[in-house]
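For reference, the structure discussed in these notes is given below.
The values are calculated or read from the model by the stated rules, or taken from the named source; none is laboratory data. Note that the coordinates shown come from a computational prediction; the quantities given were computed from them, not determined experimentally. Here the Cβ positions follow ideal geometry from the backbone for every residue, glycine too, while neighbour counts run over all protein chains shown. Ligands, DNA and RNA are stripped out before the accessible areas are found, and what is left, the full protein with its side chains, is counted by its heavy atoms. Shrake-Rupley method; radii C 1.70, N 1.55, O 1.52, S 1.80 Å.
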Amino acid sequence: MDLNFFKLCSGLKFLGYLMILLVAAIIAVSYYVVVLLTCAPRLSHGGFTSFLSLIIIVLFHLLLVMLTWSYIRVVFHDPGSVPENWKPLSQENLEAGPDTSASTSLDEPENRQALGYCRYCRNGKPPRQRCVLKMDHHCVWVVNCVGARNYKFFLLFLFYTFLETTMDTVVLLPSFIKFFREGTGHSNSASDLALTFLTFVLNVAFALSLLCFIIMHASLLSSNTTSVEVYEKKGVVRWKYDLGRKTNFEQVFGTRKALWLFPLFAKEDLENIPALHGLNFPTCSDDES
């Protein structure tokens with residue numbers, strides 16, 4: 001029995017909404033423990049301790065704004081889908097040619113599939129061979145597919161969340177060590193100690209998991225490959241979409257360096273980089289080594 005990917009994605013939506021609530025809960029608990037419980041009381045100590053606590057609070061809020069902004073963008077931004085009645089350039093050329101009437105009909109599903117055709121959407125498919133444009137994966141954490149038009153936002157969300165969770169881990173590490181050293185006689189309430197312990201463990205787990213994801217996607221980004229194209233790439237001497245690391249990066253983040261760390265695109269990049277629209281992609285020439 002064939003697996004209907006679209007029904008699977010629909011079934012994962014409910015789980016995705018729970019994941020959004022989980023993300024919000026983790027952020028709320030981390031905010032309480034790191035900012036209110038750990039750093040805020042130290043602001044009155046004076047000297048370097050107060051200065052360091054102030055820096056941590058400012059960084060926490062800055063990273064929180066950036067990861068929330070990126071998260072909202074990847075959740076609500078359309079990854080891109082194939083326009084209705086879209087046809088590959090090769091099919092358009094064939095239909096415009098003088099011998100189309102003599103050839104087999106391009107309306108036949110088997111001929112459509114040869115040119116890129118989705119039997120679920122019943123529509124043509126552009127390069128990168130997915131109905132979600134340049135699809136990377138469906139992410140239950142964002143209740144959305146990650147594709148050509150929101151991949152940058154997804155990567156920024158990973159990056160800022162990793163920085164946030166790593167900072168939380170470093171800030172809470174002394175409290176975590178102190179918890180096991182002293183054993184009893186803590187000045188804090190049992191509930192605060194439990195929250196501190198839980199927050200530390202959650203942030204460590206997320207930081208390590210996100211590090212693995214970042215390394216994986218950095219490798220994919222450097223070769224201009226998506227997660228679903230990894231299998232297609234096996235055995236290929238030179239991946240046709242690999243234009244060099246710098247150009248590959250710009251295919252996702254744009255050319256405006258000032259906007260690389262923001263979930264935004266410059267107007268000129270949207271106009272001049274077809275890959276950001278997800279329908280046409282430059283390829284390396286066949287004679288390149």
- Query: Taking the stated definitions as given, is Ile215 touching a residue at least 12 places away in the same chain (Cβ under 8 Å) and among the β-branched types (Val, Ile, Thr)?
  - Reply: no
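So that you can scan it fast, the table gives a plain yes or no per residue for (1) in contact with a helix residue (DSSP H, G or I) (Cβ under 7 Å, 6 or more places away or on another chain); (2) at pLDDT 90 or above; (3) surrounded by 14 or more Cβ atoms within 10 Å (Cβ to Cβ); (4) not charged (D, E, K, R):
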residue	(1), (2), (3), (4)
Ser175	yes, no, yes, yes
Ala190	no, no, no, yes
Phe197	yes, no, yes, yes
Leu202	yes, yes, yes, yes
Leu211	yes, yes, yes, yes
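Check Phe153, Phe162 and return the single one that is part of a helix (DSSP H, G or I), within 27 Å of Asp136 (Cβ to Cβ), modelled with pLDDT of 75 or more and touching a Pro at 6+ places or on another chain (Cβ under 7 Å).
Numbers: Phe162 fails: touching a Pro at 6+ places or on another chain (Cβ under 7 Å).
Being part of a helix (DSSP H, G or I), within 27 Å of Asp136 (Cβ to Cβ), modelled with pLDDT of 75 or more and touching a Pro at 6+ places or on another chain (Cβ under 7 Å) holds for just one of Phe153, Phe162, which is Phe153.
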- Message: Show the residue pairs meeting these rules: Cβ distance below 7 Å; 6+ apart or different chains; first residue within the range 143-155 and within 19 Å of Tyr17 (Cα to Cα) and in contact (Cβ under 8 Å) with a residue 60 or more places away in the chain; second residue aromatic (Phe, Trp, Tyr) and crowded, with 24+ Cβ neighbours inside 10 Å.
- Response: Val146/Phe154
- The helices (runs of 4 or more DSSP H) lying wholly within the range 184-283 that contain at least 3 residues that are among the hydrophobic types (A, V, I, L, M, F, W, C) and over 17 Å from the mean Cα position of the chain (by Cα) are 190-222
- Query: Looking at the range 220-237, which of its residues are open to solvent by less than 80 Å² (accessible area, probe 1.4 Å) and of a type outside the set (Asp, Glu)?
  - Reply: Leu220, Leu221, Ser222, Ser223, Asn224, Thr225, Thr226, Ser227, Val228, Val230, Lys233, Val236
